[in-house]
Amino acid sequence: MIQTRVDNQRVLDALNGLMKHAQDVRPALQDMGEYFIESTKRRFATKTAPDGTRWEDNSSVTEERKGKNDPLIGESRRLANEIHYRATATTLEWGSSLVYAGMQQFGGLKAAYPHLWGNIPKREFLGMSSEDEAMALEILQEHLAEPLEGGGP
């Protein structure tokens with residue numbers, strides 16, 4: 001399995017603040033997971049990485065072999081549609097379990113992978129954009145406010 005780690009200090013600080021008030025932050029992480037699935041899927045429509053850079057177009061060789069499909073979309077649309085998350089009491093992971101997801105995220109060279117018909121440019125679809133950060137902070141703020149609204153001790 002290939003992993004990309006997102007260490008966003010602002011989101012981690014907000015999450016730690018929530019953890020001071022709740023033993024299980026899974027509901028907040030589940031809400032964030034649902035959001036990140038949709039955010040990641042939108043990247044396929046906009047053809048952009050989390051940092052806003054545009055994905056490289058398919059090469060002429062790829063277009064000859066597979067037609068003029070959009071990068072990473074393909075005929076089956078599996079990669080764009082099979083994004084999942086897993087939330088525990090303290091962690092959130094999201095991504096794709098498809099074997100070729102890592103090659104699309106990080107790219108690959110024909111020299112290292114002789115079965116390819118050419119080099120594969122990286123087309124990052126996993127990660128956290130500035131918009132994602134703002135939404136994650138909003139979700140955490142909503143969950144932080146919930147226990148405080150009850151007026152407990």
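Each value in this text was obtained by applying a stated rule to the coordinates, not by laboratory testing. None of the values given here were measured: they were computed from a predicted structure. Note that we place each Cβ from the backbone using ideal geometry, even for glycine, and neighbour counts take in every protein chain shown.
Residues His84, His115 in ascending order of nearby Cβ atoms (within 10 Å, fewest first): His115, His84.
With neighbours defined as other Cβ atoms within 10 Å of a residue's Cβ, the residues Asp132, Asp24 order from fewest to most as Asp24, Asp132.
Rounded to whole numbers, the Karplus 3J(HN,Hα) couplings from phi for the range 115-130 are 6, 6, 8, x, 5, 10, x, 5, 9, 5, 10, 9, x, 10, 7, 5 Hz, using 6.51 cos²θ - 1.76 cosθ + 1.60 with θ = phi - 60°, and x at Gly and Pro. Applied to the range 47-56, the Karplus parametrisation 6.51 cos²θ - 1.76 cosθ + 1.60 on θ = phi - 60° returns per-residue 3J(HN,Hα) values of 6, 10, 7, x, 7, x, 6, 7, 5, 5 Hz, with x for Gly and Pro.
Test of understanding: ordering Phe44, Phe36 by Cβ neighbours within 10 Å, fewest first, what list do you get?
By the 10 Å Cβ count, ascending, the order reads Phe44, Phe36.
Using the Cβ of Gly108 as centre and a radius below 15 Å, the other residues enclosed give a net charge of +1, where K and R count +1 and D and E count -1.
Calculate, in nm to one decimal, what Ala112 and Thr88 gain on full extension: separation in residues at 0.36 nm each, minus their alpha carbon distance.
Working: separation 24, 0.36 × 24 = 8.64 nm, distance 3.59 nm.
Full-extension gain reported as 5.0 nm.
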